[in-house]
Amino acid sequence: MSNIQRFDSALLGEHYYKIEHDSGLSVFVFPKNLSTTYGIFSVNFGGNALEYEIDGEKVSIPQGCAHFLEHKLFENEDGTNADDIFSSLGAYDNAYTSNERTAYLFYATERADEALSELLHFVTHPYFTKKTVKKEIGIIAEEIRGCLDDPYDRCYMNMLDAMYFANPVKNEICGSERSISKITPEVLYRLCRDFYTPENMALSVCGNITPEEVLRIVDREIGTERKHFGATFASFDEPAVVKKSFVEKKMPVGKPLFCIGVKDCAIPKAAIERYKKVEGMNILLHMMFSEAGDFYLELLESGIISPDFDSGYSASPTTAYVMISGESDCPETLLEKIKGRIAFCRESGLSRSDFEREK
């Protein structure tokens, strides 16, 4: 019998349900009086997964497999495509692959129960052939070439490659044309078997739907049989220092682009502590570099930056960094200004009112 827990927030006046389904799937239901219902079905398998061990066997897979698999799962054995099915239901569907996970999602104003059924069905019923895989290799190769020609994408990836020695976050999530050419139906089926198991997945649904309705659909589409998940990802040693302090690439742009990265190796192991650090770091960055602040206005009025200036902090179980990005005709001068701003804030302290506003 699936275990259902209710969690209430006095601050928000809202609640949600967590269901530990018999299959091992973690299900989260947020009942809200909304005109639209949203669902996201995710798996703990992303671009960083290049080597893993299962049942004593060490497995290496081509770079780009998680993203490739995301594309292929939308195709059904009967020749239909999940996109067309969602459209017929009046629903919108999409998917994305990050370094850590792959996620499939939908939103619908009507027939949300049918859309949820389709989401669970197509993700858990893979169908691949040599012909369709070969066709997809050509499609993704075009996508890869597009990324290589994108100055913004190159700037970001060069920053990651400069910061990290061994961490796979520096690798392209899509892979390379050479790596995806090694992907076969057999590789994809194995990855579905090894990773797309309920114990390694989570479902979140938010909208005008009850936990009982969601549970009924999960029972039907996923089943109640528990399938043990036994894969472990290969570990890596990443030093605290950066690999390179500066990287430059010439590409056709209207203004020079920059990505300034600050590598953080002090990553909390507990998810809740990691999320707290992400929020705290982003509050701090807003206090120092917000568009409403004097420092930003000084940089803008002096012509050092364009209005397209941003800062943020992200963290996962294996990767964390600050990124400050934008456009500048004199990025070296900007870097020194930013270093000076950090030193000034350290020496002079921070404003309590700024903190409360950003919080």
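Charges were assigned to the Cβ only: +1 to each Lys and Arg, -1 to each Asp and Glu. The resulting dipole of the chain about its Cα centre is roughly 840 debye.
Considering only Phe86, Ser235, Ser314, and ranking their Cα positions along the charge dipole of the chain that arises from unit charges at the beta-carbon of Lys, Arg, Asp and Glu, the one farthest toward the positive end is Ser235.
Each residue of the stretch 158-164 was assigned a 3J(HN,Hα) from its phi angle through the Karplus expression (A = 6.51, B = -1.76, C = 1.60, θ = phi - 60°), giving 5, 4, 4, 5, 6, 7, 10 Hz with x at Gly and Pro.
Note on the stretch 114-204: percent of Cα-Cα distances in each 5 Å bin, starting at 0 and stopping at the bin with the largest distance, equals 2, 11, 15, 16, 17, 17, 15, 5, 1, 0.
Note that the stretch 199-272, at 25 °C in a medium of 0.890 mPa s, gets a Stokes-Einstein diffusion coefficient of 130 µm²/s from its Kirkwood radius over C-alpha pairs. Remark on the stretch 145-196: Rg and Dmax equal 14.0, 37 Å (Cα only).
Taking the empirical scaling 2.2 N^0.38 Å for compact globular proteins as reference, the stretch 239-294 has a Cα radius of gyration ratio of 1.55.
Lysine pair count for the stretch 187-298 (Cα-Cα distance under 21 Å; residues 8 or more apart in sequence or on different chains): 6. Every Cα-Cα pair of the stretch 47-95 was included, and the share exceeding 15 Å stands at 61 percent. The value for the stretch 215-359 of Rg(Cα) / (2.2 N^0.38 Å) is 1.41. Annotated for the stretch 30-179: lysine pairs at least 8 residues apart or interchain, Cα distance under 22 Å, count 4.
The Rg/Rh ratio of the stretch 280-337, with Rg taken over Cα atoms and Rh as the Kirkwood radius over Cα pairs, comes to 1.01.
Normalising the average separation of contacting C-alpha pairs (under 8 angstrom, six or more residues apart) by the number of residues puts the relative contact order of the chain at 20 percent. The share of Cα pairs per 10 Å bin across the stretch 14-129, counted from zero up to the longest distance, runs 12, 37, 36, 13, 3 percent. When the P(r) is computed for the stretch 160-235, the part past 21 Å accounts for 55% of the Cα-Cα pairs. Over the chain, the pair-distance histogram of Cα-Cα distances with 20 Å bins from zero comes to 24, 53, 23, 0 percent, rounded to whole numbers. Largest accessible area first, the residues Tyr104, Tyr38 order themselves as Tyr38, Tyr104 under a 1.4 Å probe with ligands, DNA and RNA left out.
The values are calculated or read from the model by the stated rules, or taken from the named source; none is laboratory data. Note that the structure is a prediction, hence the values are computed from the model and not measured. Every residue, glycine as well, gets a Cβ built from its backbone with ideal geometry; the counts of neighbours run over all protein chains shown. Accessible surface is based on the protein model in full, side chains and every heavy atom, while ligands, DNA and RNA are left aside. Shrake-Rupley method; radii C 1.70, N 1.55, O 1.52, S 1.80 Å.
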